[in-house]
Structure formats: C-alpha cells, structure tokens
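Below is one structure, written out as structure tokens, with a few remarks after it.
The values are calculated or read from the model by the stated rules, or taken from the named source; none is laboratory data. What you are looking at is a predicted structure, and each value in this text was computed from that prediction instead of being measured. Positions of Cβ are generated from backbone atoms using ideal geometry, with glycine treated the same way; all protein chains shown enter the neighbour counts.
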C-alpha cells in the first residue's frame with residue numbers, strides 16, 4: 001500500500017486466463033513416402049550337416065549265431081568232380097541199414113505167406129511141395145510179395161520194415177514222393193531182383209550209394225527225424 005494515498009486500492013495480482021496467449025501447435029510433419037518398397041531379407045537357416053554313422057568296430061559287434069547254414073550255390077559235386085544227382089542235404093541210408101529194413105519186410109511177407117498156407121490147409125488143401133505143386137506155391141509167394149508192395153504204393157506210405165528200422169523215403173529234392181514215384185520204385189526193385197540182385201548190389205559201388213530202383217524213381221531212403229519213436233527207443 002502506498003503511504004501517500006491511503007485510499008488507493010492496490011491492483012489485483014491474479015492473471016486472468018483470457019490474457020494468457022497460447023502458442024499455436026506446430027503442424028504435424030508429413031512422413032515422406034518411401035521411394036522403393038522396403039524389403040526385409042529373410043535369413044535362410046543353414047542346413048545342419050547329417051551326422052555320419054560310424055560303423056561299429058569288430059570288437060563292439062554282438063556275436064551272431066548262424067542257426068541255418070545256407071546251401072552252397074550251384075549243384076553239388078562229389079569227390080570225383082561229378083555232379084551229384086541228389087539236391088537235398090539228407091544223407092542216403094547205408095547199405096547195412098537198408099538190408100535191415102529189407103529183412104523186416106521179408107519177415108512180414110513170410111508171415112503173410114505162412115498165413116496163406118495155413119488158410120489153404122484149413123480149407124481142405126494139402127501143403128505138399130513137389131514138381132507139380134512147386135510152381136503154384138511159387139506163384140502164390142510172388143502174389144503175396146506183389147500184394148505187399150502194391151498195398152504200400154497205393155497207400156502212399158513207407159513199408160513197415162522201413163518205418164520199424166527208422167527209415168523214410170524221399171525224392172532227390174527232399175520231399176515225400178508221390179504214388180507215381182513209388183510205383184516206379186516198385187518196378188525198379190522188381191527189375192533189380194530179376195537181374196540177379198545186381199540192381200541192389202549196385203548201391204555198394206555207386207558214388208552216392210544209389211541202386212537201380214533209386215535211379216529209376218529218383219527216390220532214396222534216408223533216416224527219419226531225430227524225434228521218431230524208433231530213435232527214442234534206441235536212446236533208452
């Protein structure tokens with residue numbers, strides 16, 4: 001307050017809002033358009049090199065067991081460099097083993113012929129062998145032998161003597177023969193016997209121990225499986 005003029009009212013020190021001069025805002029700056037499209041390069045991932053597989057060393061490999069041995073390629077050859085007729089690996093039965101089977105079959109034929117003679121005598125016939133009756137009895141014996149061989153051929157099975165001695169009949173490929181092959185074998189056996197048994201003795205000198213009947217029918221006897229009844233009884 002001024003002391004010279006006590007009645008003078010001091011001017012207000014409040015600044016009115018109307019007197020405030022506002023600064024105009026600057027206009028927004030326009031962004032210039034790009035002259036060329038913006039291309040962002042795409043980074044191609046580098047290919048990861050494949051991991052090379054290192055073969056295991058012989059010491060790291062697991063020991064393998066060959067349960068099945070592959071047959072040798074090509075036809076088998078014998079000791080004399082002659083091509084073998086038998087393709088399979090089944091062994092041919094020895095002549096001694098075959099002789100046992102033949103003896104057992106002969107025993108069955110003899111028993112059948114004895115039954116024939118007994119029946120003939122019971123029916124009122126007289127069993128007397130002389131010049132007049134010998135040919136008839138010989139024909140009867142041949143009929144019993146032929147009946148025995150034809151019976152097993154038509155049945156498609158091995159004879160009783162072969163099964164009792166632990167033998168079975170197979171072809172050169174290792175399969176069970178059919179009736180045709182069995183019939184040819186029966187004919188070959190008859191030819192071998194009619195030649196004085198030379199066809200059967202031939203097996204002693206043959207490289208594969210095959211007789212005439214074996215060559216004619218392309219079959220041969222071999223051992224049965226190891227689990228057969230005959231072999232199990234022999235082990236006991």
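Structure data summary
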{"item": "Residues of the stretch 120-133 classified as surrounded by 10 or more Cβ atoms within 10 Å (Cβ to Cβ) and farther than 23 Å from residue 105 by Cα, total", "result": "5"}
{"item": "Residue check for residue 159: buried (at least 18 other Cβ atoms within 10 Å of the Cβ), more than 28 Å from the chain's Cα centre (by Cα) and modelled with pLDDT under 95", "result": "yes"}
{"item": "Residue that is farthest from residue 90 (Cα to Cα) [pool: residues in the stretch 162-186 that are out of contact with any helix residue (DSSP H, G or I) (no Cβ under 8 Å at 6 or more places or on another chain) and surrounded by 14 or more Cβ atoms within 10 Å (Cβ to Cβ)]", "result": "176"}
{"item": "Residues of the stretch 212-236 satisfying the condition of being in contact with a helix residue (DSSP H, G or I) (Cβ under 8 Å, 6 or more places away or on another chain), farther than 18 Å from residue 175 by Cβ and modelled with pLDDT under 90", "result": "230"}
